[in-house]
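The values are calculated or read from the model by the stated rules, or taken from the named source; none is laboratory data. Please read these numbers as outputs of a predicted model, since none were measured by experiment. Note that each Cβ is placed from the backbone with ideal geometry, even for glycine, and that neighbours are counted across all protein chains shown.
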Amino acid sequence: MSFAEHRKRLYQTLPENTLVLAYAGIPIHANEDAYYHFAVNSQYFYLTGLDRENTAFLAFKNAEKISEILFIEEPDPQSERWTGKMPTKEEVRDISGIQDVRYTDSLEAAISGFLGRCRVEQAYFDLYRCQMNDLPDYNLVMAERFRQAYPHVILKDLHTACVPLREQKDAEEVDRIRKAVDITRQGLEFVMKNLKPGMMEYQVQADFEYTCRRLGAKRQAFPTIAGSGINGCMMHYETNHCQVQDGSLILLDLGAAYENYASDITRTYPANGTFSPRQRQVYELVLKANEAVAAAAKPGVTLRALNDVARQVLGEGLVAMGMIRDVSEVGKYYMHGVSHSIGIDVHDISLAGDLLQPGWVISDEPGLYIDEEAIGIRIEDDLLITENGCEVLSKEIIKDPDAIEAFMKKPTE
Ligand SMILES: [Mn+2]
């Protein structure tokens, strides 16, 4: 079972006399009695396969053995009446492979038990912080409580410990990403069939997300970007409130999530179904860079090296078009990186400078953004690093300009 395998890999890296405490987290309050959509802690999900709020995972490793306990809320008919069936011990045992399942109200006693009768030298909590002024998330709050109760135990970061594990996906993780990519493909095909000038960007977004939901995706991997014309030149445009003009391009950066694994795809389409000669010229250059990056992606290479490949191809093309004088000026029209890791999170855990290994899943997303011509083009595929190179997981999502034009000409069924 895959999640048990994740834990096994973690235990192999941990010193003896180590406690691991990972919390799923709780929903974040919005206003009145409304809460934001619950997002499970990624380290917790990676280790257990559970995305249920208010659950927790405790493990202890010493010289003799490894103990692991899962804590869930006790099913309660009263709350089940309102919010639906709660998972049982048997169900979470099946998902996680953890045999010792207890109720959350005994978690503190279990922690005290290990601290009272075992030698605990360090405790791993997810201490990750995105930005310094963020509100502390649930795992950070619990780590601080633990530190105050047991100041002699050294706190270590579970997020950092998970980096090398999560960077390399196993077969089951890759299958979930494949499924997410396939849902995204069908969503984009529905978009291509319906796209026409005069639509609002949010209607294009709705066509995509409608298809994803119909196909069983519980959520999008990230907010859908549908930027037409000049809006395609904004990297993370997600207001999607403008009208798609005849003769413009629309840049769609989007992806379904499937069983908590992300896909991350970008395609750029002509609103009226036909690229203008100039749009096609720029599009073909971006496509050339996209293909060069896929050709260069293999074990032992860094993400930075892949970005150098993209910069070189784009830069040479821009010089040939007379838009810049030297490849070093490519940043005028290409201002982001070409690749990031993809997994449970769309910008998945990874460290700059780490060498690609078989099992990594990364994006391949060169782009060109020419404000003065309202041309924003990005083409993004998801790549699985293999022994000798890579497999383009999104190879079925058409990107050849002739194929796009042919597909968009077909009448709606
Ligand atoms: Mn991306």
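Here segment 337-375 is the region considered, the condition is being polar (S, T, N, Q) and touching a strand residue (DSSP E or B) at 6+ places or on another chain (Cβ under 6 Å), and the residue that is nearest to the ligand (Cβ to nearest atom) is 363.
Taking the conditions (1) at pLDDT below 95; (2) under 26 Å from the mean Cα position of the chain (by Cα); (3) among the β-branched types (Val, Ile, Thr) in turn, residue 48 satisfies each one other than (1). Scanning segment 270-298 for residues that are more than 16 Å from the ligand (Cβ to nearest atom), out of contact with any helix residue (DSSP H, G or I) (no Cβ under 6 Å at 6 or more places or on another chain), within 23 Å of residue 339 (Cβ to Cβ) and not aliphatic (A, V, I, L, M) yields 284, 291, 298. When both residues are 6+ apart or on different chains and their Cβ atoms are under 7 Å apart, which pairs have a first residue that lies in segment 251-265 and is among the basic types (Lys, Arg), and a second that is assigned to a strand (DSSP E or B) and within 14 Å of the ligand (Cβ to nearest atom)? Qualifying pairs under 7 Å: none.
When the residues of segment 87-132 are filtered to those that are farther than 19 Å from residue 10 by Cα and of a type in the set (A, V, I, L, M), the one that is surrounded by the fewest Cβ atoms within 10 Å (Cβ to Cβ) is 132. Note on segment 200-219: among residues that are part of a helix (DSSP H, G or I) and of a type in the set (Lys, Arg), the one that is farthest from residue 240 (Cα to Cα) is 214. Are any of the residues in segment 279-287 modelled with pLDDT of 95 or more and not in a helix (DSSP H, G or I)? Within segment 279-287, none of the residues are modelled with pLDDT of 95 or more and not in a helix (DSSP H, G or I).
Every residue, every condition in (1) loosely packed, with under 15 Cβ neighbours inside 10 Å; (2) more than 22 Å from residue 109 (Cα to Cα), yes or no:
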| residue | (1), (2) |
| --- | --- |
| 10 | no, yes |
| 19 | no, no |
| 22 | no, no |
| 26 | yes, no |
| 32 | yes, yes |
| 48 | no, no |
| 68 | no, no |
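A Cβ distance below 7 Å, combined with a sequence gap of six or more or placement on separate chains, defines the contacts here; from segment 379-404, residues that are more than 19 Å from residue 208 (Cα to Cα) reach residues that are of a type in the set (Gly, Ala, Ser) and outside any strand (DSSP E or B) in the pairs 383/294; 383/297; 385/297; 385/359; 389/297; 390/294; 390/297; 392/294.
Of the residues in segment 248-271, at least one is farther than 24 Å from residue 180 by Cβ and either in contact with a Lys or Arg (Cβ under 9 Å, 6 or more places away or on another chain) or at pLDDT below 95 (or both). Among the residues of segment 343-378, the ones that are more than 29 Å from residue 318 (Cβ to Cβ) and either free of Cβ contacts under 8 Å to residues at least 40 places away in the same chain or in a strand (DSSP E or B) (or both) come to 1 in all.
Apart from one condition, residue 163 fits all of (1) out of contact with any Asp or Glu (no Cβ under 6 Å at 6 or more places or on another chain); (2) among the hydrophobic types (A, V, I, L, M, F, W, C); (3) buried (at least 16 other Cβ atoms within 10 Å of the Cβ); the exception is (3). Listed by position, the strands (runs of 3 or more DSSP E) enclosed by segment 1-110 that each have at least 3 residues that are farther than 23 Å from residue 258 by Cα and without any contact (Cβ under 8 Å) to a residue 24 or more places away in the chain are 29-31. Entry remark, segment 299-336: residues being more than 16 Å from the ligand (Cβ to nearest atom) and not in a helix (DSSP H, G or I) number 11 in total. Remark: residue 230 falls outside the filter, which requires a residue to be within 16 Å of the ligand (Cβ to nearest atom) and closer than 27 Å to residue 331 by Cα. Once segment 380-397 is narrowed to residues that are in contact with a strand residue (DSSP E or B) (Cβ under 8 Å, 6 or more places away or on another chain) and not in a strand (DSSP E or B), the residue that is surrounded by the most Cβ atoms within 10 Å (Cβ to Cβ) is 394.
Listed here are the residues, each with its yes/no results for (1) of a type in the set (Asp, Glu); (2) surrounded by 18 or more Cβ atoms within 10 Å (Cβ to Cβ).
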{"position": "197", "(1), (2)": "no, no"}
{"position": "201", "(1), (2)": "yes, yes"}
{"position": "212", "(1), (2)": "no, yes"}
{"position": "220", "(1), (2)": "no, yes"}
{"position": "223", "(1), (2)": "no, no"}
{"position": "229", "(1), (2)": "no, yes"}
{"position": "234", "(1), (2)": "no, no"}
